[in-house]
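One structure below.
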Amino acid sequence: MADGKEMERARRDLRALISSKNCAPIMLRLAWHDAGTYDAKTKTGGPNGSIRNQAELNHAANTGLKIAIDLCEEVKAKHPRVSYADLYQLAGVVAVEVTGGPTIDFDGGRKDSMASPEEGRLPDAKQGASHLRNVFNRMGLSDQDIVALSGGHTLGRAHAERSGFQGPWTRDPLKFDNSYFLELLRGDSTGLLKLPTDKVLVEDPQFRKFVTLYAEDEEAFFRDYAASHKRLSELGFSPPSSLRLAMKKTMIAAVVAVTVVFLSYLYEINKTELSK
Amino acid sequence: MAKVIVDSEYLKDVERARRELRSLISGKNCAPIMLRLAWHDAGTYDVNTKTGGPNGSIRNEEEYAHGANSGLKIALEFCEQVKSKCPKITYADLYQLAGVVAVEVTGGPTVSFVPGRKDSKISPKEGRLPDANKGVPHLKEVFYRMGLSDKDIVALSGGHTLGRAHPERSGFDGPWTKEPLKFDNSYFQELLKGETEGLLKLKTDLALLDDPDFRRYVELYAKDEDAFFKDYAESHKKLSELGFTPPGAKTIVKDGTILAQSAFGIAVAAAVVIAGYLYEARKKMK
């Protein structure tokens with residue numbers, strides 16, 4: 001497994017790659033499509049690098065992603081100990097960072113898998129609110145996650161030869177900000193795309209609450225986005241570093257408890273001595 | 001000049017500016033010219049007279065009209081886009097932050113950035129920045145005048161890993177390295193390799209090989225990118241803070257360190273108390 005230094009080097013290489021090639025949107029989509037296959041019940045799918053399997057790349061939802069896979073391969077070649085699973089998620093984190101988005105906490109340690117889930121786990125852009133909830137709840141994510149993560153459409157564009165849809169959602173598709181939500185509330189704009197799954201976010205009252213919040217308050221959007229993105233990037237994964245921290249905290253608590261017990265014991269003995 | 005109050009509002013503006021700069025610099029692939037802007041604002045410093053330095057004076061027309069600053073107006077205009085969204089940040093801080101972000105998004109080291117530089121309208125006379133046609137004595141004269149060292153000269157020259165020279169600006173032409181948008185140690189490797197078709201070497205670049213004090217750093221950085229990144233980050237920070245006293249550096253303590261320190265404190269306190277009790281208990285038993 002790669003150590004922290006190796007991961008930092010990979011992160012820097014990703015920054016250079018993603019900035020210079022202006023490919024943040026497709027890298028974010030790669031990370032999302034690797035992670036978004038997770039099924040919380042069966043614990044299958046999720047961010048495990050399986051998307052590099054030709055079988056999974058061939059899924060209709062993944063049309064066009066080979067470009068991103070090939071770009072990541074350049075970085076993998078220099079940092080072979082970083083797993084593909086980590087690399088793709090790190091690419092997603094860096095894509096958000098270099099386009100002016102929030103800092104997303106990243107822990108490494110994901111294992112690679114060649115087991116690809118069946119086609120159909122990622123959302124279908126032509127469907128509605130109940131489909132979105134089915135798909136995301138299956139991953140273990142909430143309404144808030146759905147809306148916050150949809151904000152990822154602040155980046156990039158759809159391509160007719162890939163998804164069949166065409167165009168960017170916002171006026172600056174290489175800038176990560178809350179304009180996606182402002183555009184949603186504004187309604188139709190020439191030249192800007194709104195998928196059926198984007199529109200349901202304003203039609204459904206529960207989703208709409210979050211759209212309004214994020215349109216008014218970019219900081220709130222960034223804060224919630226960072227949390228949701230991290231969650232998504234860690235579906236089915238327990239970061240070893242967070243386990244280590246939890247262990248440290250438990251040990252300290254135990255030491256404090258033992259000390260208190262021991263001191264009370266001594267105090268009692270002392271009292272008994274005095275009363276003799 | 002009014003003091004810059006680095007309160008939480010100012011810091012928020014700085015973080016906002018940092019994100020805007022990341023997006024701008026990545027989106028427009030303009031890291032090299034932004035790095036040059038930061039360097040040219042800072043590099044006018046005179047440690048003896050305490051004039052010049054990173055104070056935003058480069059936005060004065062008389063200064064960006066200097067020969068050495070040819071072409072920098074573009075970078076000033078890019079920064080103006082960010083300044084309009086982040087009005088509190090000083091130009092001096094903005095230009096240095098742009099330099100830091102330029103290095104970051106092209107894969108370079110993290111350069112520590114401390115805000116609080118004041119803006120100045122006073123531009124130094126032309127001639128304080130290095131002349132690319134000169135040699136070792138000139139480089140030493142210019143950089144020692146700023147208060148920088150031989151190591152700084154070589155490390156900072158590594159900034160030529162980014163970008164290219166333009167005939168209509170400096171008169172020179174072309175990039176120094178094969179990947180002018182990637183921050184790495186290839187500048188030093190190319191220096192040691194010698195002449196390469198299509199790659200530029202200024203007289204001041206070649207001077208780094210002539211002088212033994214410079215050369216040993218070139219050789220170190222060519223074979224050890226981590227060493228280059230570490231020294232570059234230090235030198236860049238130094239340059240970006242010439243004549244600037246950061247208002248009370250805040251120490252950022254990580255979660256784990258606080259936890260460890262608290263645990264240690266508790267352990268020591270507990271040990272002292274236990275020892276005290278044992279001592280008392282023993283005394284009573286006698």
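The values are calculated or read from the model by the stated rules, or taken from the named source; none is laboratory data. What you are looking at is a predicted structure, and each value in this text was computed from that prediction instead of being measured. Cβ sites come from the backbone with ideal geometry, for glycine too, and all protein chains shown count toward neighbours. The area values use the complete protein model at the heavy-atom level, side chains included, leaving out ligands, DNA and RNA. Shrake-Rupley method; radii C 1.70, N 1.55, O 1.52, S 1.80 Å.
Odds and ends about this structure:
- Residue within the range A:215-224 that is within 19 Å of A:Pro123 (Cα to Cα), surrounded by 21 or more Cβ atoms within 10 Å (Cβ to Cβ) and either in contact (Cβ under 8 Å) with a residue 60 or more places away in the chain or small (Gly, Ala, Ser) (or both) present: no
- The range A:137-156, subset more than 17 Å from A:Ser179 (Cα to Cα) and part of a helix (DSSP H, G or I), residue most open to solvent (accessible area, probe 1.4 Å): A:Asn137
- Failed item in (1) farther than 25 Å from A:Glu218 by Cα; (2) within 14 Å of chain A (Cβ to nearest Cβ), with B:Arg16 passing the rest: (1)
- Selection within the range B:19-44: residues that are touching a Ser or Thr at 6+ places or on another chain (Cβ under 9 Å) and of a type in the set (A, V, I, L, M). The member of this set that is farthest from the other protein chains (Cβ to nearest Cβ) is B:Ala42.
- Within the range B:72-100, residues that are open to solvent by 10 Å² or more (accessible area, probe 1.4 Å) sit with their Cβ atoms under 6 Å from residues that are acidic (Asp, Glu), at 6+ positions apart or across chains, in these pairs: B:Lys85/B:Glu20; B:Lys88/B:Asp13; B:Thr90/B:Asp119; B:Tyr91/B:Asp119.
- Of the residues in the range B:18-31, not one is touching a Gly at 6+ places or on another chain (Cβ under 8 Å), of a type in the set (A, V, I, L, M, F, W, C) and part of a loop (DSSP other than H, G, I, E, B).
- For the range A:1-42, the candidate set comprises residues that are within 17 Å of the chain's Cα centre (by Cα) and surrounded by fewer than 19 Cβ atoms within 10 Å (Cβ to Cβ); within that set, the residue that is farthest from the other protein chains (Cβ to nearest Cβ) is A:Asp39.
- Test for B:Ser57: is it closer than 22 Å to B:Phe229 by Cβ and open to solvent by less than 10 Å² (accessible area, probe 1.4 Å): no
- Here A:Arg121 passes the criteria (1) open to solvent by 30 Å² or more (accessible area, probe 1.4 Å); (2) among the basic types (Lys, Arg); (3) farther than 23 Å from A:Phe221 by Cβ except the one numbered (1).
- Pairs meeting the criteria (first residue in the range A:20-31 and free of Cβ contacts under 8 Å to residues at least 24 places away in the same chain, second residue open to solvent by 10 Å² or more (accessible area, probe 1.4 Å), beta carbons under 9 Å, at least 6 apart or on different chains) are A:Ser20/B:Asn29; A:Ser20/B:Glu179; A:Ser20/B:Leu181; A:Ser20/B:Lys182.
- Subset of the range A:99-139 that is charged (D, E, K, R) and within 14 Å of chain B (Cβ to nearest Cβ) - its residue that is farthest from A:Leu195 (Cα to Cα): A:Asp107
- From the list A:Leu90, A:Leu57, the one residue that fits, being within 22 Å of B:Gly27 (Cα to Cα) and not aromatic (Phe, Trp, Tyr), is A:Leu90.
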